[in-house]
Amino acid sequence: MTQAEQRYTTRPAPRRAAPPTVEQALHRMTALERALPGRDGVAVFNGVYLSVTQEVEDRLSAGHFHHGPAAEELTARFAARYLAAVDAAAHGGRPSPAWRPLFDLRRHPAVQPVQFALAGINAHIGNDLALALRDTCVSLGCEPAALEADFDRVGDVLTGLEERVREELMPGPDLLDIADPLTHLVGAWSLDRARDAAWGAFRALWGLREQPDLAREFAERVDAGVGLVGRVLLTPLRPCD
């Protein structure tokens, strides 16, 4: 048995409810892409997230990850949290604080598509990723170190996503200059920093797993803080039409 395999057999743990498979998550996101109007802020994020999830699935099929089953479960649990926010909004509930800015302002005419995309990425990376990592470790009965290599490989895909968002959704150079507020707003947010913070939050949650009240309070504070960042990212920057 390799050292990596031993990490997944160090201790038994009760599995949490199984999330939808990656394939099922892709099916849901594809249906959303067809159903939502293109200018809807959730649709903008859904489109970029659909593309990155498809890329992760392709890499899973190609054996790109260190421990494929763990990477697949993490991807599925991660996607399930976004879809849970969609379902909450669709059924008259409220998504978690991290997601509320995007769902509250999804139809605001003075918010640019790149802002919607980054607000969704902020919510998903800043809040959902740490929770998905924790749930994956609990489900598989493994320690955080067992997921770190594949976390970094998923991070490579996410970095490419951020680059595409900036290239494809930012207005053309004729509409922006160095003094433009949108340029400053978008430039102030970093996926790498958000990803590092998510890993730190995950490690903190894991360290608090024997103290559920403290873990819950910590998770709630992270959720609220990520929501505050999302609200700033969605600042209207031009007059409404």
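Looking at the structure I just gave you, is V226 closer than 16 Å to R77 by Cβ, of a type in the set (A, V, I, L, M) and touching a residue at least 12 places away in the same chain (Cβ under 8 Å)? No: the conditions fail for V226. Does L237 fit the bill of being under 22 Å from L182 (Cα atoms) and over 21 Å from the mean Cα position of the chain (by Cα)? The answer is yes for L237. Identify the residue in region 200-239 that is aromatic (F, W, Y) and under 15 Å from L133 (Cα atoms) and, among all such residues, is surrounded by the most Cβ atoms within 10 Å (Cβ to Cβ). Only one residue fits best here, namely F202. Of the residues making up region 115-130, one or more are farther than 22 Å from L26 by Cα and in contact with a helix residue (DSSP H, G or I) (Cβ under 8 Å, 6 or more places away or on another chain). Tell me, please, whether a residue that is in a loop (DSSP other than H, G, I, E, B) and open to solvent by 20 Å² or more (accessible area, probe 1.4 Å) can be found in region 41-49. No, region 41-49 has no match at all. Each residue in region 81-96 was checked for being crowded, with 20+ Cβ neighbours inside 10 Å and free of Cβ contacts under 8 Å to residues at least 12 places away in the same chain, and 1 of them qualify. Here the condition is being closer than 11 Å to R231 by Cα and among the charged types (D, E, K, R); of R100, R77, it holds for R100 alone. Among residues of region 97-109 that are within 14 Å of F45 (Cβ to Cβ), those with a beta-carbon under 9 Å from a residue that is hydroxyl-bearing (S, T, Y) at least six positions away or on a different chain give the pairs W99/Y82. The residues listed here are A110, A85; of these, the one that is aliphatic (A, V, I, L, M) and over 18 Å from V48 (Cβ atoms) is A110. For region 61-69, the count of residues that are among the hydrophobic types (A, V, I, L, M, F, W, C) and modelled with pLDDT of 95 or more is zero.
Restricting attention to region 56-68, and to residues there that are open to solvent by less than 50 Å² (accessible area, probe 1.4 Å) and within 17 Å of Q24 (Cα to Cα), which single residue is nearest to the chain's Cα centre (by Cα)? Across region 56-68, the extreme among qualifying residues is V56.
Of the residues examined, R34 is not one that is of a type in the set (K, R) and at pLDDT below 95.
The values are calculated or read from the model by the stated rules, or taken from the named source; none is laboratory data. As the structure is a prediction and not an experimental result, all values here were calculated from the model. Every residue, glycine among them, receives a Cβ derived from its backbone with ideal geometry; neighbour counts consider all protein chains shown. Side chains included, ligands, DNA and RNA excluded: accessible areas come from the protein's heavy atoms. Shrake-Rupley method; radii C 1.70, N 1.55, O 1.52, S 1.80 Å.
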